[in-house]
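To start, the structure itself, in structure tokens.
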Amino acid sequence: MDTARPGSASAGAAIRHDSAMAHCTGEARFGDDLPEPPGTLHAALVLSETARATLLRLDTADACAMPGVVAVLTSREIPGRNDISPSHRPGEHLFADPDIRHWGQPLALTVATTRDAAIAAARAVRAVVQTHEPVLDIEAALRAGDLLLDPMVMRVGDVEAALGAAPHRLSGAFRCGGQEHFYLEGQICLAIPGEDGDLVLHSSTQHPTEVQHIAARVLGCDYSRITVQVRRMGGGFGGKESNASWVAAAAALAARHTGRPVKLRLSRQADMAATGKRHPFLFRWQAGYDDTGRILALDALLVADGGHTLDLSGGVVFRAVTHALNALHVPALRVDGRVVRTNTVSNTAFRGFGGPQGVLLTEDVVCHIAGALGMTPEAVRARNFAGGGNGEQTPYGQRLEGDLVRRVWSEAQTLAGWPERRAAVDRFNATHPWKRRGLGSFVLAFGISFGTQSMNQAGALVHVYADGSIRLNHGGTEMGQGLFIKVAQVVADTLGVPLRRVRITATSTGEVPNTSPTAASTGTDLNGWAARIAAATIRDRMANAAAEHWGMDPAQVEMEDDAAHAGNHRIGFGDLAALCHAKRVSLSATGYYKTPGLHWDATTMRGEPFFYFSYGASVAEVELDTLTGEHRCTGAWLVQDCGRSLNPAIDLGQIEGAFVQGLGWLTCEELWWDRTGRLHTLGPSTYKIPGSRDVPETFEVRLLANAPARADTIFRSKAVGEPPLMLATAVWNALKDATGSRRLDLPATPERLLHAVQAGREPVT
Ligand code: MTE
Ligand code: MOS
């Protein structure tokens, strides 16, 4: 492990990812790299070829007769419950029976001696169905009133009266699309049966505890029979928060049924067909405002396409609704958040978890008001920032730091050289016959904590061995985001040892139980604290042992520079560990943490659901070819508040990656279903994620300098995983600027951009 800063000063140091080298050399093991135990079988999913149907019968005889096939498992072979719901609402099936609700829905599982044989057998299973007309559109589902949840409505003041009293009024509507996670490592689980019903699941999951629970539910056994392990994922991005659980449950079922190890690795096509995506949203709004651009009233409807079941849609809409005003303040408000049911795959967590969709609302409103008043969107947005002369509370009653909102925005403008750049863009547009440049910006306040209070807890287990080496384990999972190195830095700092003493280990439900998913950007906040508490317990015991050994007061003992010190005494950390063992002092401790002070009242939609806010601001420049509709993001300037960053190298990587992922969602990534509900974008040939050439040529990222943070965040740092994805919203605004059109549905594909260019030329009526 890298020790860029020796001694005890690892927190705050720019240290590379602990697996960076292993990722590059190929030595890092992902799910499919684990050695297969002898006799391992392979499984494949049988997927529905209709979007909505009643399953009458599955003909499995041909499949069963194929060479190498060991079993074909249907809902009838499930010993426990055919229920994989993460929200404890019944009705989410592992294998659809009898209602098929989307194209690509799992119907059965084939198990064979090779993966190819399992896949061939899956193709040979015939589903006899009676088809029905699928509902594929948000509008149609909304008209039919088919909601997966009661509407979540947040109200402030009397919005009707405020709209009536406002000097001006405008309304708008727009849509944004979904997004495929496109983690490089697809969903996978290797299930290894032990004796007496025990089962070890090697799962590529952000949520080992939920994998344990859902496998146990499907098998009908106690949680204690199942141990879930994950060293790392090749990306998760929210796609392995709930979806990994049913993949693992299917592998577990096959292992239980055959008594042999079973590996289920989805092909890219099966993964894209059968696993949930980001929620597409439909927005409708009406706003009242005055001549200065101050928004006086906003009435908005946000409708998420939940797909066929609830999954995590409740949490996604909660975040969309609580982030619908973002960093702005509006005195009279109604935000009505809904989730409709359609016959598509059940949509799920994706980096930002409804936040990215929610924050689009006020950007659209601001853009329309700016156009109507002949102001810049920047001026209208700033006119409505929380704080200053405006209120400083979110609609749900939590305080926003208006000064920080203004600070990140002002620093982003400086970084981008806003006035000169604006002038240069205008000069270019005045001369070029068909290319248009555009400039856009964005400012973010993103709440950090899980919306569900009980999830804001974490555990850790730290051992110091008698040679002074340290084994660190906690409930968080590594998906490339750098959680493990950050938590290791915390432990090294707490024990006053160099980072190389700390051994990072795989997440396991057997070591730290009852964990939350690694999600909502809270991984370091929660697990960092839990690990610090565990390490501090051991540190205090070791310091006491040293004090006793020297006949001194424990308060005089310092643990730093890889040793304990007091007065003229010094003992190296390794020697002290050996001494503790000889003196029968325990060198192992658990740590447990829960985020303090959170509260929420779901009936009034009021409370303080977030520990703090993460702030960020961005400027983006685009160049659009108005003849082809193609564009490039030519420049991006980002300022992100990470508090006192625990690891600036990791944080910068997170910000850059998140921005590009956001840019992909907003521009080139488009999911396409035909009229029968069949998804046609099932691989990189038809689904375009950003590549290295889509990274802006000029890409400047800054961590907010001297950022204030609560004293009780871990080492005064702030979360970074999701917020910077939303900074890509500046690209949407830049594209609107380039087209001259106020409506631009997302993703802003060449087709949509050409329409917008056309609309931008027509006089606004
Ligand atoms: N970074 C990488 N490299 N890979 C990922 O899968 N997931 C993102 C973000 N950054 C992800 C990532 C998502 S959706 C979340 S919620 C956070 O990381 C989770 O990790 P954290 O809480 O430790 O930041
Ligand atoms: Mo991230 S969407 O919270 O896994």
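The values are calculated or read from the model by the stated rules, or taken from the named source; none is laboratory data. Every value quoted in this text rests on a predicted model; they were computed, and no experiment measured them. We place every Cβ from the backbone using ideal geometry, glycine too, and count neighbours over all the protein chains shown.
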Notebook entry, point to check: Quick one: would you say ILE188 is more than 16 Å from ligand 2 (Cβ to nearest atom), of a type in the set (Val, Ile, Thr), under 28 Å from CYS24 (Cβ atoms) and in contact (Cβ under 8 Å) with a residue 24 or more places away in the chain?
Noted result: yes
Checklist line | Positions within segment 448-469 being surrounded by fewer than 24 Cβ atoms within 10 Å (Cβ to Cβ) and in a strand (DSSP E or B), in sequence order | finding: ILE448, GLN457, LEU461, HIS463
Next item on the list: Of all residues in segment 325-362, count the ones that are closer than 16 Å to TRP732 by Cβ and of a type outside the set (S, T, N, Q).
Entry: 7
Notebook entry, point to check: Which of the residues spanning segment 329-354 are over 30 Å from GLY387 (Cβ atoms), within 16 Å of ligand 1 (Cβ to nearest atom) and among the small types (Gly, Ala, Ser)?
Noted result: ALA349
Note to self: Looking at segment 714-765 only, could you name the residues that are in a helix (DSSP H, G or I), surrounded by 23 or more Cβ atoms within 10 Å (Cβ to Cβ) and of a type in the set (Val, Ile, Thr)?
What the structure shows: ILE714, THR729, VAL731, THR739
Check: Using beta carbons and a limit of 7 Å, which pairs, at least six apart or on different chains, have the first residue in segment 113-127 and touching a residue at least 12 places away in the same chain (Cβ under 8 Å) and the second one part of a helix (DSSP H, G or I)?
Finding: ALA121/ALA63; ALA124/ASP62; ALA124/ALA63; VAL125/ALA63
Note to self: When you check GLU669 against the structure, is it in contact with a strand residue (DSSP E or B) (Cβ under 6 Å, 6 or more places away or on another chain) and within 21 Å of GLN357 (Cβ to Cβ), yes or no?
What the structure shows: yes
Check: Name the strands (runs of 3 or more DSSP E) wholly within segment 546-599 that hold at least 3 residues that are surrounded by 18 or more Cβ atoms within 10 Å (Cβ to Cβ)?
Finding: 563-566, 588-594
Notebook entry, point to check: Do the conditions hold for THR537, that is, is it at pLDDT 95 or above, under 30 Å from ASN456 (Cα atoms) and away from ligand 1 (no atom under 16 Å from the Cβ)?
Noted result: yes
Notebook entry, point to check: Looking at GLU195, GLU241, which is the one that is among the acidic types (Asp, Glu) and within 15 Å of ligand 2 (Cβ to nearest atom)?
Noted result: GLU241
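Every residue, every condition in (1) farther than 30 Å from GLY306 by Cα; (2) not polar (S, T, N, Q), yes or no:
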{"site": "THR362", "(1), (2)": "no, no"}
{"site": "CYS367", "(1), (2)": "no, yes"}
{"site": "ALA372", "(1), (2)": "yes, yes"}
{"site": "MET375", "(1), (2)": "yes, yes"}
{"site": "ALA379", "(1), (2)": "yes, yes"}
{"site": "ARG383", "(1), (2)": "yes, yes"}
{"site": "ALA386", "(1), (2)": "yes, yes"}
Item checked: Of residues in segment 229-282 being surrounded by fewer than 24 Cβ atoms within 10 Å (Cβ to Cβ) and hydroxyl-bearing (Ser, Thr, Tyr), the one farthest from the chain's Cα centre (by Cα) -> THR258
Check: Are any residues in segment 12-58 of a type in the set (Val, Ile, Thr) and assigned to a loop (DSSP other than H, G, I, E, B), and if so, which ones?
Finding: ILE15, THR40, THR50
Next item on the list: Could you check how many residues of segment 507-538 are assigned to a loop (DSSP other than H, G, I, E, B) and within 16 Å of ligand 2 (Cβ to nearest atom)?
Entry: 8
Item checked: Within segment 477-491, considering residues that are closer than 14 Å to ALA530 by Cα and not polar (S, T, N, Q), the one nearest to ligand 2 (Cβ to nearest atom) -> LEU483
Next item on the list: Would you check if SER618 is in a strand (DSSP E or B), in contact (Cβ under 8 Å) with a residue 12 or more places away in the chain and closer than 24 Å to GLU420 by Cβ?
Entry: yes
Item checked: Conditions (1) surrounded by 24 or more Cβ atoms within 10 Å (Cβ to Cβ); (2) of a type in the set (D, E, K, R); (3) away from ligand 2 (no atom under 16 Å from the Cβ): number failed by ARG351 -> (3)
Check: Just checking, which of VAL321, VAL330 is among the hydrophobic types (A, V, I, L, M, F, W, C), away from ligand 2 (no atom under 16 Å from the Cβ) and not in a helix (DSSP H, G or I)?
Finding: VAL330
Notebook entry, point to check: Inside segment 449-466, can you point out the residues that are over 19 Å from MET605 (Cβ atoms) and β-branched (Val, Ile, Thr)?
Noted result: VAL462, VAL464
Margin query: Show the residue pairs meeting these rules: Cβ distance below 8 Å; 6+ apart or different chains; first residue within segment 327-351 and farther than 10 Å from SER313 by Cβ; second residue in a strand (DSSP E or B) and within 16 Å of ligand 1 (Cβ to nearest atom).
Written below: ALA327/LEU444; PHE350/GLN179; PHE350/ARG278
Next item on the list: Select, from GLY293, GLY234, GLY259, GLY307, the only residue that is within 15 Å of ligand 2 (Cβ to nearest atom) and modelled with pLDDT of 95 or more.
Entry: GLY234
Note to self: Looking at (1) more than 24 Å from SER516 (Cα to Cα); (2) crowded, with 18+ Cβ neighbours inside 10 Å, which one does SER204 not meet, given that it meets all the others?
What the structure shows: (1)
Next item on the list: Would you be able to say whether some residue in segment 225-248 is in contact with a helix residue (DSSP H, G or I) (Cβ under 7 Å, 6 or more places away or on another chain), free of Cβ contacts under 8 Å to residues at least 40 places away in the same chain and not aliphatic (A, V, I, L, M)?
Entry: yes
Notebook entry, point to check: For GLY662, are the conditions met, namely being surrounded by 22 or more Cβ atoms within 10 Å (Cβ to Cβ) and in contact with a Pro (Cβ under 9 Å, 6 or more places away or on another chain)?
Noted result: yes
Item checked: Subset tally (residues that are farther than 18 Å from THR634 by Cα, surrounded by fewer than 20 Cβ atoms within 10 Å (Cβ to Cβ) and among the β-branched types (Val, Ile, Thr)) for segment 395-445 -> 1
Check: Here is a list of conditions, (1) within 16 Å of ligand 1 (Cβ to nearest atom); (2) assigned to a strand (DSSP E or B), and ALA244 meets all of them except one; can you say which number that is?
Finding: (2)
Checklist line | Which listed residue is surrounded by 17 or more Cβ atoms within 10 Å (Cβ to Cβ) and either among the acidic types (Asp, Glu) or at pLDDT below 95 (or both), from ASP99, ASP18, ASP33, ASP62 | finding: ASP18
Check: What residue, of PRO193, PRO208, PRO167, is under 23 Å from the mean Cα position of the chain (by Cα) and at pLDDT 95 or above?
Finding: PRO208
